[in-house]
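Colleague: Can you read through this structure? Questions will come right after.
The values are calculated or read from the model by the stated rules, or taken from the named source; none is laboratory data. In this text the structure is predicted, and so the values were computed from the model without any measurement. Methodologically, a virtual Cβ is constructed for each residue, glycine included, from the backbone with ideal geometry; neighbour enumeration extends over all protein chains shown.
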């Protein structure tokens with residue numbers, strides 16, 4: 001399946017225009033949509049390759065630039081100390097409500113596209129895992145995959161570092177896939193257990209996987225990349241999305257039971 005990966009749309013948000021990268025299958029037709037959130041570095045080469053993989057499996061993928069209020073469109077932060085410092089500053093400069101408004105804009109865009117079926121999932125890595133978790137609070141998000149989602153356990157997202165993600169987890173109606181690295185210093189065991197206990201308390205439908213990996217073990221650049229883990233875990237992602245976003249969701253309850261484009 002040929003991938004078209006050079007389309008961008010500019011979505012209007014309360015925080016201003018948000019450049020959003022679109023990757024979709026080249027074959028004509030209508031496909032489910034996925035809002036895919038990057039790390040703090042925005043749309044880097046590893047993120048684009050992951051998006052191409054998702055699209056190649058039959059999805060329209062929308063990648064918002066999460067720091068569009070602060071950086072010029074197309075900005076990519078480097079995988080170095082300066083890039084990390086800038087991304088972490090912006091993470092807690094941006095208003096929490098702005099992250100949520102961005103999610104709504106990306107979901108609405110996908111649902112409006114003639115090449116999208118309107119069945120929506122979300123996925124994210126690092127801060128993107130947390131943003132995908134919050135995107136899942138929208139009732140039209142049917143399935144969400146979160147890779148080592150930072151700061152959920154300590155409410156550290158957004159200005160004031162006092163987010164309500166743990167509390168608002170009750171709003172999640174779709175299915176979750178939560179994946180963590182046991183050697184990730186950003187999310188210690190007690191933090192992971194805090195999230196798991198809350199999701200279990202709420203009875204959220206989820207799969208929970210902890211693997212022996214460091215932070216960023218999915219990123220196909222750098223010493224922490226673990227290709228064997230990545231290969232196996234992408235299989236779980238596609239199982240979730242194929243099952244929940246395809247028209248024939250096998251786990252559905254039987255009926256008899258109770259923007260400017262460039």
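Colleague: Among 145, 62, 55, which is the only one that is over 20 Å from residue 164 (Cβ atoms), within 15 Å of the chain's Cα centre (by Cα) and at pLDDT below 95?
Modeller: Within the list 145, 62, 55, the selection yields 55.
For (1) in contact with a helix residue (DSSP H, G or I) (Cβ under 6 Å, 6 or more places away or on another chain); (2) under 26 Å from residue 237 (Cα atoms); (3) modelled with pLDDT of 95 or more; (4) in a loop (DSSP other than H, G, I, E, B), each residue gets a yes or a no:
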position: 19; (1), (2), (3), (4): no, yes, yes, no
position: 29; (1), (2), (3), (4): no, yes, no, yes
position: 32; (1), (2), (3), (4): yes, yes, yes, no
position: 47; (1), (2), (3), (4): no, yes, yes, no
position: 66; (1), (2), (3), (4): no, yes, yes, yes
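Colleague: Which one is surrounded by the most Cβ atoms within 10 Å (Cβ to Cβ) among residues in segment 231-260 that are modelled with pLDDT of 50 or more and in contact with a helix residue (DSSP H, G or I) (Cβ under 9 Å, 6 or more places away or on another chain)? Break it down into steps so the answer makes sense when it comes.
Modeller: Initially, segment 231-260 is screened for residues modelled with pLDDT of 50 or more, giving 231-247.
Checking which are in contact with a helix residue (DSSP H, G or I) (Cβ under 9 Å, 6 or more places away or on another chain) leaves us with 234, 237-238, 241.
Details: 234: 16, 237: 21, 238: 15, 241: 25.
Looking at the filtered set, the residue picked out is 241.
Colleague: Let me ask something else about it. Considering segment 182-201 alone, what residues qualify as being loosely packed, with under 13 Cβ neighbours inside 10 Å and more than 25 Å from residue 217 (Cα to Cα)?
Modeller: Within segment 182-201, 200, 201 meet the criteria.
Colleague: Follow-up. Among 204, 152, 179, which is the only one that is within 25 Å of residue 94 (Cα to Cα) and surrounded by 13 or more Cβ atoms within 10 Å (Cβ to Cβ)?
Modeller: The conditions single out 152.
Colleague: Still on this structure, please answer the following. I'm checking my understanding of the structure. Among residues of segment 69-93 that are touching a helix residue (DSSP H, G or I) at 6+ places or on another chain (Cβ under 8 Å) and part of a loop (DSSP other than H, G, I, E, B), which one is surrounded by the most Cβ atoms within 10 Å (Cβ to Cβ)?
Modeller: Per the criteria, the residue is 77.
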